[in-house]
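Trainee: Next up is a structure, given as structure tokens.
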Amino acid sequence: MNQSYDYDKILKKSLEADLQWFEEEFDQIFKSKSKFTKQEINMANQILEMLTKITNIYNNEQLLYSLARILNELEKKYPVFF
């Protein structure tokens, strides 16, 4: 039982770090642009969709709240993608 708990804890920390990394990378890719091509919009939407699917797989409420927070912040910065 203890091993499973430790594994879940490590996995959760890893996924939280990945969510933070994702937000930073998204900013680096799109922050310097004021206009986006249709291809860039499609790429951003695919990235966001994949992130949401991956986070949902783990069915962890705290990770879903973290994802929602990040998506809300990104939506404020890049409304064209949402």
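Trainee: Taking the condition among the aliphatic types (A, V, I, L, M), touching a helix residue (DSSP H, G or I) at 6+ places or on another chain (Cβ under 8 Å), in contact (Cβ under 8 Å) with a residue 40 or more places away in the chain and over 18 Å from Val80 (Cα atoms), does Leu15 pass?
Mentor: On the way: among the aliphatic types (A, V, I, L, M): yes; touching a helix residue (DSSP H, G or I) at 6+ places or on another chain (Cβ under 8 Å): yes; in contact (Cβ under 8 Å) with a residue 40 or more places away in the chain: yes; over 18 Å from Val80 (Cα atoms): yes.
Against the criterion (among the aliphatic types (A, V, I, L, M), touching a helix residue (DSSP H, G or I) at 6+ places or on another chain (Cβ under 8 Å), in contact (Cβ under 8 Å) with a residue 40 or more places away in the chain and over 18 Å from Val80 (Cα atoms)), Leu15 qualifies.
Trainee: Among the numbered criteria (1) surrounded by 13 or more Cβ atoms within 10 Å (Cβ to Cβ); (2) at pLDDT 85 or above, which single criterion is violated by Lys76?
Mentor: (1)
Trainee: Using the structure shown, decide if Glu23 is at pLDDT 85 or above and among the acidic types (Asp, Glu). Working first, answer last.
Mentor: Details: at pLDDT 85 or above: yes; among the acidic types (Asp, Glu): yes.
Against the criterion (at pLDDT 85 or above and among the acidic types (Asp, Glu)), Glu23 qualifies.
Trainee: Determine which member of the set Asp6, Asp18, Asp27 is over 20 Å from the mean Cα position of the chain (by Cα) and either of a type outside the set (Ser, Thr, Tyr) or more than 28 Å from Tyr58 (Cβ to Cβ) (or both). It would help to see each step written out before you state the result.
Mentor: On the way: Asp18 fails: over 20 Å from the mean Cα position of the chain (by Cα); Asp27 fails: over 20 Å from the mean Cα position of the chain (by Cα).
Going through Asp6, Asp18, Asp27 in turn, just one is over 20 Å from the mean Cα position of the chain (by Cα) and either of a type outside the set (Ser, Thr, Tyr) or more than 28 Å from Tyr58 (Cβ to Cβ) (or both): Asp6.
Trainee: Please verify whether Leu64 is modelled with pLDDT under 85, assigned to a helix (DSSP H, G or I) and surrounded by 15 or more Cβ atoms within 10 Å (Cβ to Cβ), treating the condition exactly as stated. Reasoning before the result, please.
Mentor: Working: modelled with pLDDT under 85: yes; assigned to a helix (DSSP H, G or I): yes; surrounded by 15 or more Cβ atoms within 10 Å (Cβ to Cβ): no.
Here the answer is no, as Leu64 does not meet what is asked.
Trainee: For the stretch 39-59, give me each residue that is part of a helix (DSSP H, G or I) and either touching a Ser or Thr at 6+ places or on another chain (Cβ under 6 Å) or on the phi > 0 side of the Ramachandran plot (or both).
Mentor: none
Trainee: Select from the stretch 17-38 the residues that are of a type in the set (D, E, K, R) and outside any loop (DSSP other than H, G, I, E, B) and write down the one among them that is surrounded by the fewest Cβ atoms within 10 Å (Cβ to Cβ). Can you show your working first?
Mentor: Pass one, the stretch 17-38, residues of a type in the set (D, E, K, R): 18, 23-25, 27, 31, 33, 35, 38.
Cutting the leftovers down to outside any loop (DSSP other than H, G, I, E, B) gives us 18, 23-25, 27, 38.
Values: Asp18: 15, Glu23: 18, Glu24: 11, Glu25: 11, Asp27: 14, Lys38: 7.
The residue in question is Lys38.
The values are calculated or read from the model by the stated rules, or taken from the named source; none is laboratory data. As the structure is a prediction and not an experimental result, all values here were calculated from the model. Quick reminder, even Gly has a Cβ in these numbers, built from the backbone with ideal geometry, and neighbours come from all protein chains shown.
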